[in-house]
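Scroll down for the structure; my scribbles are underneath it.
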Amino acid sequence: MKRIILFCVLLSLPYFSCQKLVTYKEFVLTQTLYTGDELQIDGYYYKYNEYSKIDVRCFYRNGIVLNMDGSSLSLEEADEYIRSKFIESSTHPNYEYSKWGLFVVENQTIKFERYHATDDITKWTYIREGTILNDTTFRITVSYRSDGKEKHEKNETYHFRQFSPKPDSTNNFIK
C-alpha cells in the first residue's frame, strides 16, 4: 500500500511543480477608467491582418481591452464570431489570459497591453502604442515587450464598428 501511495505522489509531482514555475509578469499600465471621448467604445475596433482576416478588439470604460483574434473574412462574420464565441457561448474565454489586457488614452495616444500566448515559463506582457486619428480610427505604430525589449515598428490601422451587445469584460486575470 505504501508503494502505491508513493507511486501516486511521485507521478503527480511534476504536474504540481510545473504549475508553480509559470510566472506572469505584472502589467506596466495601470487599470484606469476611460472617461474620455477620443474613441467611441459602443462597439469594437478591427483591422485586417497579414492573412486578410479581421483582428478585433473591444475597449471598455473600466480600462479593459478584449482581444478576439483574427478569424473572420468579413465584418458580418466577425459579428457572428463575437456573438457565438463571446456572448452566447457557455465557454466564455475568461480563462484565456492572452485575450485580456489594459488600455489607456492620453491626449491622442492610445496604448494597450496584454499577455501573448506562448509556451514560455515566463509570460511577458506586450504593449501596442499609437495615435488616435479621430473617434473611430487609430493607428498603432510600435509594439514592445513590457520590459522594453523586442521592439517592433507597426503600421496597423484600426477602424470602429458599432456593435451591441458587447461581450462582458469580466475575466479571471484582471480584477
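Here are some notes:
- Criterion (within 19 Å of TYR46 (Cα to Cα), assigned to a strand (DSSP E or B) and modelled with pLDDT of 90 or more) met by exactly one of ARG61, ARG128: ARG128
- Every condition in (1) closer than 18 Å to LYS47 by Cα; (2) without any contact (Cβ under 8 Å) to a residue 40 or more places away in the chain; (3) in a loop (DSSP other than H, G, I, E, B); (4) not hydroxyl-bearing (Ser, Thr, Tyr) holds for LYS166 except the one numbered (2).
- Residue identified as among the hydroxyl-bearing types (Ser, Thr, Tyr), modelled with pLDDT of 90 or more, over 13 Å from ASP135 (Cα atoms) and outside any loop (DSSP other than H, G, I, E, B) among TYR34, TYR46: TYR46
- Within the range 120-137, being β-branched (Val, Ile, Thr), loosely packed, with under 14 Cβ neighbours inside 10 Å and closer than 21 Å to LEU66 by Cα holds for one residue alone: THR131.
- Identity of the residue in the range 138-157, closer than 23 Å to GLU96 by Cα and either surrounded by 14 or more Cβ atoms within 10 Å (Cβ to Cβ) or among the hydrophobic types (A, V, I, L, M, F, W, C) (or both), that ends up modelled with the lowest pLDDT: SER146
- Single residue of SER89, SER84 found to be farther than 24 Å from LYS123 by Cβ, assigned to a loop (DSSP other than H, G, I, E, B), out of contact with any Leu (no Cβ under 7 Å at 6 or more places or on another chain) and modelled with pLDDT under 95: SER89
- In the range 70-83, the residue that is farthest from SER98 (Cα to Cα) out of those that are crowded, with 16+ Cβ neighbours inside 10 Å and not aromatic (Phe, Trp, Tyr) is ASP79.
- All positions within the range 140-170 that are within 18 Å of LEU39 (Cβ to Cβ) and of a type in the set (Gly, Ala, Ser): SER164, SER169
- Residue in the range 92-121 that is modelled with the lowest pLDDT, counting only those that are touching a helix residue (DSSP H, G or I) at 6+ places or on another chain (Cβ under 9 Å) and in a strand (DSSP E or B): TYR115
- Cβ-Cβ under 6 Å pairs, at least 6 apart or on other chains, the range 99-110 side touching a residue at least 24 places away in the same chain (Cβ under 8 Å) and surrounded by fewer than 20 Cβ atoms within 10 Å (Cβ to Cβ), far side part of a strand (DSSP E or B) and β-branched (Val, Ile, Thr): GLN108/THR131; GLN108/ILE132
The values are calculated or read from the model by the stated rules, or taken from the named source; none is laboratory data. Note that this is a predicted model, so its numbers are computed, not measured. Neighbour counts run over all protein chains shown; Cβ positions are idealised from the backbone, glycine included.
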